[in-house]
């Protein structure tokens, strides 16, 4: 049990995907303008990343390893994740309009976002089991969601702040992201990985 | 041999995935508003959001519900607008361009009789002067509202293009020529104001 807790803690805080691994920067900067859209994105990422890590584990174990095709990891993972996400988007559209309203626009956007593919590839690298890889995917997405929501909150405030002329817009956003990354470095002693 | 297995596996998986998706799109097809779908088909699908909706589909739905005007799609231009107006059975409207370039009021002082009517009309107190004295416009305060043009008994107030300054300059939207943004009536009027 403590192993699972450690995986979660390390994925959320210590090895945060955005702030220490620099994956998923594009949605991090792109949809963090408003807290509301950031929340939708965070939920979609949570969903897709958990799904992607389990699906890619299955592909790895039952297709790639038996046929000795490990060099085709990337393309197999992209294919399987893209298909799954598209399929589930249609399923949600049919079955739950409310959920579709919340996630619908974001699902296709992150089909093979680098963070999503990254979690699949890192799982394979670290030779996780099925449970731990699902947990790692979920934890990483949770970390992404945490950072995205924090950042969106910060940016909403910065919009109102008297920012010096030269720093307005993306400049101050990038500086804020950098400061957040610095702050998250404080967690690095928490877990030894 | 190995490469054949790889090709077959990847191709097979892709084929299966394609078939599954094709069936899913049939099985899970959601009946949308047919009008919204036809309007959506006429839109350029750039999902640019310039219409004020999060994408082409939401805009199409809003038009179909009668909530939005037919002329909000800037990338679609006149063609998309005409198609949509035709579908909706409403008269075509000119596609909204960007807002007109900012203007400033300018008083030709040698014609001004000092009646103070324009001073009273100005909502932002941007015109200074006194009875029987020339009036003039404080450029920094003028909002270009044109309310002062009408009251002037000698018609000595005109609207001129606001000179572009670095503080307010921005990149023009792609596809729009910059020449359009600058006002043709610069020249001596502007030089006099400055």
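Looking at this structure, is residue B:63 modelled with pLDDT under 85, within 18 Å of the chain's Cα centre (by Cα) and surrounded by 18 or more Cβ atoms within 10 Å (Cβ to Cβ)?
Answer is no for this residue.
Looking only at region A:41-66, which residues are under 13 Å from the mean Cα position of the chain (by Cα) and either at pLDDT 85 or above or surrounded by fewer than 20 Cβ atoms within 10 Å (Cβ to Cβ) (or both)?
Our first condition is that a residue be under 13 Å from the mean Cα position of the chain (by Cα); within region A:41-66, this holds for A:41-53.
Those that are under 13 Å from the mean Cα position of the chain (by Cα) and either at pLDDT 85 or above or surrounded by fewer than 20 Cβ atoms within 10 Å (Cβ to Cβ) (or both): A:42, A:43, A:45, A:46, A:47, A:48, A:49, A:50, A:51, A:52, A:53.
Output the residue which, of all residues in region A:165-184 that are in contact (Cβ under 8 Å) with a residue 40 or more places away in the chain and closer than 15 Å to residue A:146 by Cα, is surrounded by the fewest Cβ atoms within 10 Å (Cβ to Cβ).
A:181
Could you tell me whether region A:94-117 includes any residue that is in a loop (DSSP other than H, G, I, E, B) and either free of Cβ contacts under 8 Å to residues at least 24 places away in the same chain or in contact with a strand residue (DSSP E or B) (Cβ under 8 Å, 6 or more places away or on another chain) (or both)? Reasoning before the result, please.
Pass one, region A:94-117, residues in a loop (DSSP other than H, G, I, E, B): A:96, A:104-105, A:110-113.
Next, only the ones that are either free of Cβ contacts under 8 Å to residues at least 24 places away in the same chain or in contact with a strand residue (DSSP E or B) (Cβ under 8 Å, 6 or more places away or on another chain) (or both) stay: A:96, A:104.
Within region A:94-117, one or more residues are in a loop (DSSP other than H, G, I, E, B) and either free of Cβ contacts under 8 Å to residues at least 24 places away in the same chain or in contact with a strand residue (DSSP E or B) (Cβ under 8 Å, 6 or more places away or on another chain) (or both).
Given the criterion within 10 Å of another protein chain (Cβ to nearest Cβ) and either surrounded by 15 or more Cβ atoms within 10 Å (Cβ to Cβ) or part of a helix (DSSP H, G or I) (or both), identify the matching residue among B:41, B:24. Can you show your working first?
Working: B:41 fails: within 10 Å of another protein chain (Cβ to nearest Cβ).
Exactly one of B:41, B:24 is within 10 Å of another protein chain (Cβ to nearest Cβ) and either surrounded by 15 or more Cβ atoms within 10 Å (Cβ to Cβ) or part of a helix (DSSP H, G or I) (or both), namely B:24.
Taking the criterion of being within 13 Å of chain B (Cβ to nearest Cβ), within 22 Å of residue B:13 (Cβ to Cβ) and touching a residue at least 12 places away in the same chain (Cβ under 8 Å), would at least one residue in region A:29-44 satisfy it?
No - not one qualifying residue is present in region A:29-44.
Return the residue satisfying two criteria in turn: it lies in region A:76-88 and is more than 7 Å from chain B (Cβ to nearest Cβ) and surrounded by fewer than 19 Cβ atoms within 10 Å (Cβ to Cβ), and of such residues it is modelled with the lowest pLDDT.
The qualifying residue modelled with the lowest pLDDT is A:88.
Tell me which residues, restricted to region B:98-123, are at negative phi, at pLDDT 85 or above and assigned to a loop (DSSP other than H, G, I, E, B).
Once the filter is applied, which keeps residues that are at negative phi, at pLDDT 85 or above and assigned to a loop (DSSP other than H, G, I, E, B), region B:98-123 yields B:108, B:109, B:110, B:111, B:112, B:113, B:115, B:122.
Taking region A:95-106, which residues are in contact with a helix residue (DSSP H, G or I) (Cβ under 8 Å, 6 or more places away or on another chain) and either within 11 Å of another protein chain (Cβ to nearest Cβ) or buried (at least 19 other Cβ atoms within 10 Å of the Cβ) (or both)?
Within region A:95-106, A:100, A:103, A:104, A:105, A:106 meet the criteria.
Look through A:91, A:19, A:69, A:23 and report the one residue that is crowded, with 16+ Cβ neighbours inside 10 Å, more than 15 Å from residue A:109 (Cβ to Cβ) and within 11 Å of chain B (Cβ to nearest Cβ).
Details: A:91 fails: crowded, with 16+ Cβ neighbours inside 10 Å; A:19 fails: within 11 Å of chain B (Cβ to nearest Cβ); A:23 fails: within 11 Å of chain B (Cβ to nearest Cβ).
None of the others qualify; the one that does is A:69.
The values are calculated or read from the model by the stated rules, or taken from the named source; none is laboratory data. Worth saying up front: this structure is predicted, and the values here are computed from it rather than measured. A quick note on method: Cβ atoms are made from the backbone with ideal geometry, for glycine too, and the neighbour counts reach across all protein chains shown.
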